[in-house]
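Engineer: Okay, handing you the structure first.
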Protein chains: 2
Amino acid sequence: MQIGSVAIVGGTHGNEFTGAYLIKKWQKHPEILKKTSFQTLALLANPQAFQAGRRYIDRDLNRCFTLNDLQNPTLSAWEDKRAKELNQLLGPKGHPKFDFILDLHSTTANMGLTAILPGPDSFYLQLAAYLTSIEPALKVYQTLSQGEDSYYLESISERGFALEVGPVPQGTLHAGLFQQTEALVYAILDYIEKYNRGELTAANSPLTLYRHLKVVDYPRNQNGELEAMVHPQLQGRDYQELKKGDPLFITFEGETIYYEESETVWPVFINEAAYYEQGAAMCHTKKTEVYL
Amino acid sequence: MQIGSVAIVGGTHGNEFTGAYLIKKWQKHPEILKKTSFQTLALLANPQAFQAGRRYIDRDLNRCFTLNDLQNPTLSAWEDKRAKELNQLLGPKGHPKFDFILDLHSTTANMGLTAILPGPDSFYLQLAAYLTSIEPALKVYQTLSQGEDSYYLESISERGFALEVGPVPQGTLHAGLFQQTEALVYAILDYIEKYNRGELTAANSPLTLYRHLKVVDYPRNQNGELEAMVHPQLQGRDYQELKKGDPLFITFEGETIYYEESETVWPVFINEAAYYEQGAAMCHTKKTEVYL
């Protein structure tokens, strides 16, 4: 199936400036995104949160896109209303106007350039392999499939995924990451152009995938308050091996808490600011080689 | 004049977690702060903003402490009300209950450990010299004096200053910086104890001061929107020399903007998240040696 239309979305979280300012650039210079085999729209997903410099106004927009929620007329938070607008504009989910949605995010974790794939579909794996051949620093993180009714924005379309870049504090731009993200988006558009034209050859080198295992929360007291921080020896070590006996957290009193499980894991989203309230200090993944 | 009471304040900005969680630690373990010659209070300045994970609810609390504003009954924003409460608790400004206020801040800029001194008073210079003898990495930044009626929280007391630590994204804890800040606070309390007991000898080595020159904003269009980012070659280079011809900004289109002034400066607060809305990309300072 050809991809006739692509939506590039940024500012889904209003304080993730990298994507938001890329969108503003492309809205000012739409010719940059022009391709011959498909049309591209650049869209600021949550302008009100961007204006306020906050992740969201009432609730996380990137959790608002289940069919249930989109069809629920009683949900009236700002982000619920905005999700319905975006569903009209890009969707409706199930019969979308856009065949592919790319959602640009940033993180305070040291994740470099990361493609977050929603599932093991070979379309994504081929795309990821193409991108890593162009940008070897790109990491590929495969989240748990949410099944048929994902709550992510990109789930409006049949195909789509998120880019996650960091480390960059919320509410700031780091020019180096801005330019790396931009180059990666252009590579994705090139890929889709080649895909539409049948010009792609299947990748034959293995692809390194980091498959989601589980979310790990901070140690908390019975009121839900933090009792420890990410250990200095783990801070910034996203995508690096964490073995039994390695330092994981350190309490405010200075006591180290070690990783006690026997399974070696590769943590990501270590110390992501937005995840403190969501009960996540990091996500553990398993590093895997996939032969395409 | 002896210092009979010290208030250590954190979370004046609710998303600056380093200070806020240090305060929570000391509220749980007040014995840590016990000294013989003075009493110490640990206080979370803006609990509502901390709860919300935001710098402020309505307006920046650390701009609410002029006498004019404190005495103005018509100001009713959350932070204006909280400023009046804090003024009752710690002040009132002019005749304060607390002789010294230490206000703990954090920044997304690469400022390491910084003491921000409100003026050239020899008490501050001696204290700064003592602290740098214990923690050589400490930088000393002297802001422009605001004259008699400063809007900063610490101006409630006769004496006080702010610690600024970074880089750390808003809404996160970096354990290494948490522990360094903690050690610095204990050194300040030790100093006050020695000061009260007359046990101090005047510092005789020169002190390096970074004196505030001016605030430099991002290039913006006529609507006030950003047109450029901090240049990658300047990012993270707080307290390093910036000379005529060095890269300063880079536009979204990739054009470098150079520093064109003839005066060599030492920038600080480079790319601080909270200052985007305040019209500041960085502050320029002049590095000076002071002989005490």
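Engineer: Hey, any hits in segment B:232-243 for a residue that's in a loop (DSSP other than H, G, I, E, B), touching a strand residue (DSSP E or B) at 6+ places or on another chain (Cβ under 6 Å), at positive phi and of a type outside the set (D, E)?
Structural biologist: Yes, segment B:232-243 contains at least one residue that is in a loop (DSSP other than H, G, I, E, B), touching a strand residue (DSSP E or B) at 6+ places or on another chain (Cβ under 6 Å), at positive phi and of a type outside the set (D, E).
Engineer: Follow-up question, since we're still on this one. Does A:T114 satisfy the condition of being of a type outside the set (A, V, I, L, M, F, W, C), open to solvent by less than 10 Å² (accessible area, probe 1.4 Å) and within 12 Å of chain B (Cβ to nearest Cβ)?
Structural biologist: no
Engineer: Of all residues being more than 13 Å from chain A (Cβ to nearest Cβ) and among the polar types (S, T, N, Q) in segment B:1-46, which is farthest from B:Q180 (Cα to Cα)? Just the residue, please.
Structural biologist: The residue in question is B:Q2.
Engineer: Using the structure shown, decide if A:S106 is among the hydroxyl-bearing types (S, T, Y) and out of contact with any strand residue (DSSP E or B) (no Cβ under 6 Å at 6 or more places or on another chain). Can you show your working first?
Structural biologist: On the way: among the hydroxyl-bearing types (S, T, Y): yes; out of contact with any strand residue (DSSP E or B) (no Cβ under 6 Å at 6 or more places or on another chain): no.
It is false that A:S106 is among the hydroxyl-bearing types (S, T, Y) and out of contact with any strand residue (DSSP E or B) (no Cβ under 6 Å at 6 or more places or on another chain).
Engineer: Name the residues in segment A:129-167 that are within 14 Å of the chain's Cα centre (by Cα), of a type in the set (A, V, I, L, M, F, W, C) and either in a loop (DSSP other than H, G, I, E, B) or more than 14 Å from every other protein chain (Cβ to nearest Cβ) (or both), would you?
Structural biologist: A:L138, A:V140, A:L144, A:L153, A:F161, A:A162, A:L163
Engineer: Taking into account only those residues within segment A:168-200 that are outside any helix (DSSP H, G or I) and more than 14 Å from chain B (Cβ to nearest Cβ), which is surrounded by the most Cβ atoms within 10 Å (Cβ to Cβ)?
Structural biologist: Selected residue: A:L200.
Engineer: Of everything in segment A:218-247, what is acidic (D, E) and under 13 Å from A:P267 (Cβ atoms)? Give them in sequence order.
Structural biologist: A:D238, A:E241, A:D246, listed by residue number.
Engineer: Residues to consider are A:L292, A:L242; find the one that is closer than 23 Å to A:A137 by Cα and either in contact with a helix residue (DSSP H, G or I) (Cβ under 6 Å, 6 or more places away or on another chain) or without any contact (Cβ under 8 Å) to a residue 12 or more places away in the chain (or both).
Structural biologist: Every option except A:L292 fails the conditions.
Engineer: For segment A:114-128: of the residues being free of Cβ contacts under 8 Å to residues at least 40 places away in the same chain and not in a helix (DSSP H, G or I), which is nearest to A:C64 (Cα to Cα)?
Structural biologist: A:G119
Engineer: Among the residues of segment A:137-157, is any over 28 Å from B:G53 (Cβ atoms) and touching a Ser or Thr at 6+ places or on another chain (Cβ under 6 Å)?
Structural biologist: yes
Engineer: Considering only residues that are part of a strand (DSSP E or B), open to solvent by 20 Å² or more (accessible area, probe 1.4 Å) and more than 20 Å from A:K84 (Cβ to Cβ), which ones fall in segment A:7-64?
Structural biologist: A:Q39, A:T40 - these are the residues of segment A:7-64 that are part of a strand (DSSP E or B), open to solvent by 20 Å² or more (accessible area, probe 1.4 Å) and more than 20 Å from A:K84 (Cβ to Cβ).
Engineer: Turning to a different aspect of this structure: Only one of B:Y291, B:Y239, B:Y258 is more than 11 Å from chain A (Cβ to nearest Cβ), in contact with a Gly (Cβ under 7 Å, 6 or more places away or on another chain) and hydroxyl-bearing (S, T, Y); which?
Structural biologist: The match here is B:Y258.
Engineer: Conditions first: (1) open to solvent by 80 Å² or more (accessible area, probe 1.4 Å); (2) among the aromatic types (F, W, Y); (3) within 14 Å of chain B (Cβ to nearest Cβ). A:Y218 passes all but one, so which condition is the exception?
Structural biologist: Going through (1) open to solvent by 80 Å² or more (accessible area, probe 1.4 Å); (2) among the aromatic types (F, W, Y); (3) within 14 Å of chain B (Cβ to nearest Cβ) one by one, A:Y218 breaks only (1).
The values are calculated or read from the model by the stated rules, or taken from the named source; none is laboratory data. Predicted model, so just to flag it, every value in this text is computed and none were measured. Cβ coordinates were reconstructed from backbone atoms using ideal geometry, including for glycine residues, and neighbour counts include every protein chain displayed. These area figures cover heavy atoms from the full protein model, side chains too; ligands, DNA and RNA do not enter into them. Shrake-Rupley method; radii C 1.70, N 1.55, O 1.52, S 1.80 Å.
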